[in-house]
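For reference, the structure is listed below as C-alpha cells.
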Amino acid sequence: NAGVMQNPRHLVRRRGQEARLRCSPMKGHSHVYWYRQLPEEGLKFMVYLQKENIIDESGMPKERFSAEFPKEGPSILRIQQVVRGDSAAYFCASSNGLAGDHEQFFGPGTRLTVL
Amino acid sequence: GEDVEQSLFLSVREGDSSVINCTYTDSSSTYLYWYKQEPGAGLQLLTYIFSNMDMKQDQRLTVLLNKKDKHLSLRIADTQTGDSAIYFCALTGSARQLTFGSGTQLTVLP
C-alpha cells in the first residue's frame, strides 16, 4: 500500500515563473491537506481539500496561490509568479476523513527553490 | 489562533532519557501528536494522545498531557543516535488541520 506521494521532490524556478506541486493521497483517502515549512520553522497549514471541494483555505495566501483536488488525479498546489519568499518545503498529507479516524499521513515533501 | 511553543534545541547522551516539551494555548484540541522529521525527509507520526488521557506509553515513548497547564511532553527512554531528528508537537484545529510547534532539534551525543 503506497503512502502519500509527492512530485517533484525538488523544484527550481526563477522569479516570475509558475510552480505546480502534485500530491497523490494514500489509497482510499479522499482528504488532502497542504502545509508549508519555511527554513528553520514548523509546518504551517495552507489548505484542506476533499475531492472537488475546498473545505478550508484559511492558511492560503490570497494572491498567486491556488489548490485543487479533482475527481480524478492528484491534488495540485499552484503558485503563480513565484518570488524568493516562496522557497520552502511543501508537504501534503492525506486522511480518509471518516469520523473518529484522525490520523494524517504525510508525503516526503516538495522542496521549492526560487532563484 | 492557536499558539504552540517548543524549545529549539536539546542535547542528550546516548542511553539517557530525552524529554521534549510543548506548551499550547487552545485547550479544545481533541488529539495531540508528536511527529519526527529527519533531515530532508517528511514527517513521521510517532505517537498521539487523546485529550481525555493523562499519559500514554508506547515502547520507548511516553507522552504526558497536563491539560490544566496546557503542557505536553514526549519522553524517549534509552535515547539512541538514530533518534537524532527534529520533533514537532501538533494539535488538531477546528477543521481537522494540524497546528505545529516550531520543532525541537534533538542531538544525541555518543
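The values are calculated or read from the model by the stated rules, or taken from the named source; none is laboratory data. The structure displayed is predicted, hence computed values, not measured ones. Heads up, the Cβs are rebuilt from the backbone with ideal geometry, glycines too, and the neighbour counts pull from every protein chain shown.
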- [ ] Go through (1) in contact (Cβ under 8 Å) with a residue 60 or more places away in the chain; (2) in contact with a strand residue (DSSP E or B) (Cβ under 7 Å, 6 or more places away or on another chain) one by one and return the number of the condition residue A:77 breaks.
- [x] (1)
Task: Top-ranked residue of the stretch B:48-63 - restricted to ones that are modelled with pLDDT of 95 or more and part of a strand (DSSP E or B), ranked as surrounded by the fewest Cβ atoms within 10 Å (Cβ to Cβ) - done: B:55
TODO: Name the residue, out of B:33, B:24, that is of a type in the set (Ser, Thr, Tyr), closer than 21 Å to residue A:33 by Cα and touching a residue at least 40 places away in the same chain (Cβ under 8 Å).
DONE: B:33
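Condition (residue is within 14 Å of chain A (Cβ to nearest Cβ) and farther than 30 Å from residue A:50 by Cα) applied to the stretch B:96-108: is it met by at least one residue?
Pass one, the stretch B:96-108, residues within 14 Å of chain A (Cβ to nearest Cβ): B:96-105.
After this cut, where a residue has to be farther than 30 Å from residue A:50 by Cα as well, the list is B:104-105.
Taking every residue of the stretch B:96-108 in turn, at least one turns out to be within 14 Å of chain A (Cβ to nearest Cβ) and farther than 30 Å from residue A:50 by Cα.
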Open item on the list: Just to be sure before I move on: is residue B:75 basic (Lys, Arg) and touching a Ser or Thr at 6+ places or on another chain (Cβ under 6 Å) in the structure I sent?
Closed with: yes
Open item on the list: Of everything in the stretch B:23-47, what is acidic (Asp, Glu) and either at pLDDT 95 or above or under 22 Å from residue A:92 (Cβ atoms) (or both)? Give them in sequence order.
Closed with: B:38
Task: the stretch A:37-73, subset within 14 Å of chain B (Cβ to nearest Cβ) and touching a Leu at 6+ places or on another chain (Cβ under 7 Å), residue surrounded by the fewest Cβ atoms within 10 Å (Cβ to Cβ) - done: A:55
TODO: Would you be able to say whether some residue in the stretch B:48-68 is within 27 Å of residue A:88 (Cα to Cα) and without any contact (Cβ under 8 Å) to a residue 40 or more places away in the chain?
DONE: yes
Task: Among the candidates A:37, A:104, A:81, residue that is within 19 Å of residue A:11 (Cα to Cα), among the polar types (S, T, N, Q) and at pLDDT below 95 - done: A:37
Task: Index of the failed condition, residue B:39 passing every other in (1) part of a strand (DSSP E or B); (2) within 12 Å of another protein chain (Cβ to nearest Cβ); (3) closer than 18 Å to residue A:106 by Cβ; (4) of a type outside the set (S, T, N, Q) - done: (1)
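Identify all residues within the stretch A:26-36 that are in a strand (DSSP E or B) and more than 8 Å from chain B (Cβ to nearest Cβ); write none if there are none. Show your work before the answer.
To start, the set of residues in the stretch A:26-36 that are in a strand (DSSP E or B) comprises A:31-36.
Residues satisfying the conditions are A:32, A:34, A:36.
What's the total number of residues in the stretch A:74-95 that are within 13 Å of chain B (Cβ to nearest Cβ) and in contact with a Pro (Cβ under 9 Å, 6 or more places away or on another chain)?
Filtering the stretch A:74-95 down to residues within 13 Å of chain B (Cβ to nearest Cβ) leaves A:89-95.
Those still in the list that are in contact with a Pro (Cβ under 9 Å, 6 or more places away or on another chain) too: A:89, A:91-95.
Number satisfying all stated conditions: 6.
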